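**Student:** The structure that follows is given in the form of structure tokens.
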Amino acid sequence: MDISILIAAIIGLVVGAVVTYLATRKTNLNLVAIAEEKAHSIIKEAEAKGVIYLKDKEIQAKDRFTALKADHEKHIAEKDKRIIEADNRIKQKETTLNQQLEASKLKQTQVETIQQNLTTQMEVVDRRKEELEKAHQRQVQALEKIAGLSVEDARKQLVEALKAEAKTEAMQFIKETMDEAKLTANKEAKKIVIQTIQRVATEHAVENAVTVFHIDNDEVKGRIIGREGRNIRALEAATGIEIIVDDTPEAIILSGFDPVRRELARLALHQLVSDGRIHPARIEEVVTKVRRQLDEEIIETGKRTAIDLGIHGLAPELIRMVGRMKYRSSYGQNLLQHSREVANLCALMAAELGLNVKLAKRAGLLHDIGKVTEEDTELPHAIAGMKMAERNKENIEICNAIGAHHDEIEMTSIISPIVQVCDAISGARPGARREIVEQYMKRLKEMENLAQSYKGVEKAFAIQAGRELRVIVESAKLDDAQTEQLSFDIATKIQTEMTYPGQVKVTVIRETRAVNYAK
């Protein structure tokens, strides 16, 4: 019984296994068939897309060929047109040359005729000239017999008389001219100032409006320009400075009248080039950062200058203006250095005169703050600086010294002339304003030698840093009228032969001394 059950179970397992195998095989066959159908459909779809893609490419190639062919035909047509135009111009020039050649032949014939007529007329003139000379000689001989003088003696007497008369009239004319010039001195002085401004306008603009930024190579220049100049435009918009990129090798020019903005553009460019990342967003970021750093540096410079000079209690606006002086120059002289010099000179002079040293030093430092004001004003820099000082509640004597150091207003304080004198001393110092000591000494020596080249000059001294020439003459050799003439001649020669800053005052001194000894 047990054996039959076991056999039945075994048979059942075998039958189940066979059934399971057959079912699984059928399922696999169905899956394989489905996969084969999908593969066939994908292949057919790919083949269809490939045919469409090839057709599209063929159409694009045909369109490209048609466009190139049209451009080529247009180019050939333009060349043909230029060749025809050149041929027409050549033919026109040839026609013009032929006409000119015919005209020149006609003119040559006319010239030959005129030359023949002139030759005949010249012969007639020569004959008449000989007759006139003979008649003139006969008249001269007759006059010599009547006057009892030869022609040479009469000529000498006439020349001496005319020379004395001309000299007297010339000196009188010079004196009248000088008197008239004194009456119109103000008008002429303004005219001379305007002419001087016209002569130095370009140099002044270059000096005060341009900063040169040096670069390593032209590749860096291309990166600074950016695609279609977008980097340049972004930098100009951010800094307010015009950036000039020309053919100058390894250099970019920053142009603008505000020296602080030029320094901002220079520092920003330096940082951008060093970093290597140059694009509009980066430019705005760097300019903002550099502007903040520059503002801090300006304030720090102003504070440090005030501390170095022992000046306390300056208003924040004045400290900022003192710091801005670092980036301003006048005729090659740094404005901050000039103001420090004036402050120290004012302190020394005030100490010698027993005045308030601190007040004088403060006025000397602030006398040129009107040159660095951030406001657009039509006032002279001295008046603008005075108003700024008044706005910041500076001492009334300091305000007057600032406003009067170029005589724009009347001086009401003893400190005012001290500031004016010290400003002139600092500006006139040899080497202070774009003139080295050797050139300065050479110019003074040339000026003295020029004066000593005239007869009657005993000594000549160039003083006031070459702005005045004093000439001492011998009283026995020159009278007063000749002394005045000598002053005029020396001034004229200096003006025409020498190069000098500003103006030169020529003073000729003539004096008579009587010396005796009591024994």
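**Student:** Return the carbon/sulfur percentage of the accessible area of the range 217-304, one whole number, probe 1.4 Å, all protein chains in place.
**Tutor:** Carbon and sulfur: 46 percent of the exposed surface of the range 217-304.
**Student:** 7 Å from Cα along Cα→Cβ at both Ala491 and Gln92: what's the point-to-point distance in nm?
**Tutor:** Here the modelled spin labels are 6.1 nm apart.
**Student:** Rounded to the nearest 0.05, what FRET efficiency is calculated for Leu54 and Ala77 with R0 set to 35 Å and r the Cβ-Cβ distance?
**Tutor:** 0.50
**Student:** Just to verify a number: what accessible area does His72 come out at with the full protein assembly present, 1.4 Å probe, Å² rounded to tens?
**Tutor:** Spelled out: His72, probe radius 1.4 Å, area about 110 Å².
**Student:** Heads up, I need the accessible area for His40: 1.4 angstrom probe, whole protein in place, Å², nearest 10.
**Tutor:** Its accessible surface works out to 110 Å², give or take rounding.
**Student:** Now, a different point. Which entries in Lys129/Lys163; Lys175/Lys493; Lys129/Lys156 show an alpha-carbon gap greater than 29 Å?
**Tutor:** Cα-Cα > 29 Å for Lys129/Lys163; rest within.
**Student:** Pop the C-beta distance of Arg138 and Met171 into the FRET formula with R0 = 45 Å and round what comes out to the nearest 0.05.
**Tutor:** 0.60
**Student:** To continue, here is another question. Could you sort Asp87, Asp368 by their accessible area in this structure, using a 1.4 Å probe and putting the largest first?
**Tutor:** Final ranking, largest accessible area leading: Asp87, Asp368.
**Student:** What is the gain in length, in nm to one decimal, between Ala103 and Arg304 on full extension, counting 0.36 nm per residue of separation less the C-alpha to C-alpha distance?
**Tutor:** Going from the current span to full extension adds 64.0 nm.
**Student:** Continuing with the same structure: Counting only protein chains, not ligands or nucleic acids, how are Glu394, Glu378, Glu130 ordered by accessible area (probe 1.4 Å), most first?
**Tutor:** Of Glu394, Glu378, Glu130, the descending order of accessible area is Glu378, Glu130, Glu394.
**Student:** Ok, one more. What residues have an amide H closer than 5 Å to that of Val506, excluding those fewer than 5 places away on the same chain, when H is modeled at 1.01 Å from N in the peptide plane?
**Tutor:** Here the answer is Leu469, since their amide H atoms fall under 5 Å of that of Val506.
**Student:** So if each residue of separation counts as 0.36 nm, and I subtract the Cα-Cα distance between Ala61 and Val15, what length gain in nm does that give?
**Tutor:** Working it through step by step, the gained length comes to 9.6 nm.
**Student:** Ok, one more. What are the equivalent ellipsoid semi-axes of the range 279-388, built from the alpha-carbon gyration tensor (square roots of five times its eigenvalues), in whole angstrom, biggest first?
**Tutor:** Working from the Cα gyration tensor, I get semi-axes of 30, 16, 12 Å.
**Student:** Give the cross-link partners of Lys57 among the lysines, using a straight C-alpha distance below 26 Å as the criterion and excluding same-chain residues fewer than 8 apart.
**Tutor:** Candidates past the 8-residue exclusion: Lys44, Lys49, Lys69, Lys74.
**Student:** So if each residue of separation counts as 0.36 nm, and I subtract the Cα-Cα distance between Glu284 and Lys477, what length gain in nm does that give?
**Tutor:** Contour length minus Cα-Cα distance gives 61.9 nm.
**Student:** Another one. How much of the accessible area of the range 6-106, in percent, comes from carbon and sulfur atoms when a 1.4 Å probe is used?
**Tutor:** Answer for the range 6-106 is 65 percent, counting heavy atoms of protein chains only.
**Student:** First check a/c for the range 8-92, with a ≥ b ≥ c the square roots of the eigenvalues of its C-alpha gyration tensor; if it is under 1.5, answer rounded, and if not, answer prolate when a/b is larger than b/c or oblate otherwise.
**Tutor:** Because a/c hits 1.5 or more and a/b exceeds b/c, the range 8-92 counts as prolate.
**Student:** Once phi is turned into θ = phi - 60°, what whole-Hz ³J(HN,Hα) does the Karplus curve with 6.51, -1.76 and 1.60 give for every residue of the range 413-420, x standing for Gly and Pro?
**Tutor:** 10, 5, 6, 4, x, 5, 4, 4
**Student:** Then there is this: HN-Hα J couplings of the range 336-346 from phi, Karplus 6.51/-1.76/1.60, θ = phi - 60°, integer Hz, Gly and Pro as x?
**Tutor:** 5, 4, 4, 5, 5, 4, 4, 4, 5, 5, 4
**Student:** If I model the range 277-317 as equal point scatterers sitting on the Cα atoms and use the Debye formula, what is log10 I(q)/I(0) at q = 0.28 Å⁻¹?
**Tutor:** -0.90
**Student:** Further, regarding this structure: For the range 464-504, which GluC sites (Glu not before Pro) are both in a DSSP coil and crowded by at most 12 other Cβ atoms within 10 Å?
**Tutor:** Here the GluC sites (Glu not before Pro) that fit, given the DSSP loop and packing criteria, are Glu474.
**Student:** Counting only protein chains, not ligands or nucleic acids, how are Val506, Val51, Val290 ordered by accessible area (probe 1.4 Å), most first?
**Tutor:** Largest accessible area first, the residues go Val51, Val506, Val290.
**Student:** Rounded to a whole number of µm²/s, how large is the Stokes-Einstein D of the range 65-130 at 4 °C and 1.567 mPa s, given Rh as the Kirkwood radius over C-alpha pairs?
**Tutor:** 76 µm²/s
**Student:** Just grab the label-to-label distance for His312 and Glu130, each label 7 Å out from Cα along the Cβ direction, in nm (one decimal).
**Tutor:** Placing both labels 7 Å along Cα→Cβ, they lie 10.8 nm apart.
**Student:** Using a 1.4 Å probe, how large is the accessible area of Lys445, given in Å² and rounded to the nearest 10?
**Tutor:** Number for this one is 110 Å².
**Student:** Label-point separation (nm) for Leu31 and Glu45, each offset 7 Å from Cα along Cα-to-Cβ?
**Tutor:** For the pair Leu31/Glu45, the computed spacing is 2.2 nm.
**Student:** Out of the range 316-377, which GluC sites (Glu not before Pro) are coil in DSSP terms and have no more than 14 other C-beta atoms within 10 Å?
**Tutor:** Glu374, Glu375
The values are calculated or read from the model by the stated rules, or taken from the named source; none is laboratory data. What you see is a predicted model, and the numbers here were worked out from it, not measured in a lab. Neighbour counts are summed over all protein chains in view; Cβ atoms, including those assigned to glycine, are modelled from backbone coordinates with ideal geometry. Areas reflect the complete protein model, heavy atoms only, side chains present, ligands, DNA and RNA absent. Shrake-Rupley method; radii C 1.70, N 1.55, O 1.52, S 1.80 Å.
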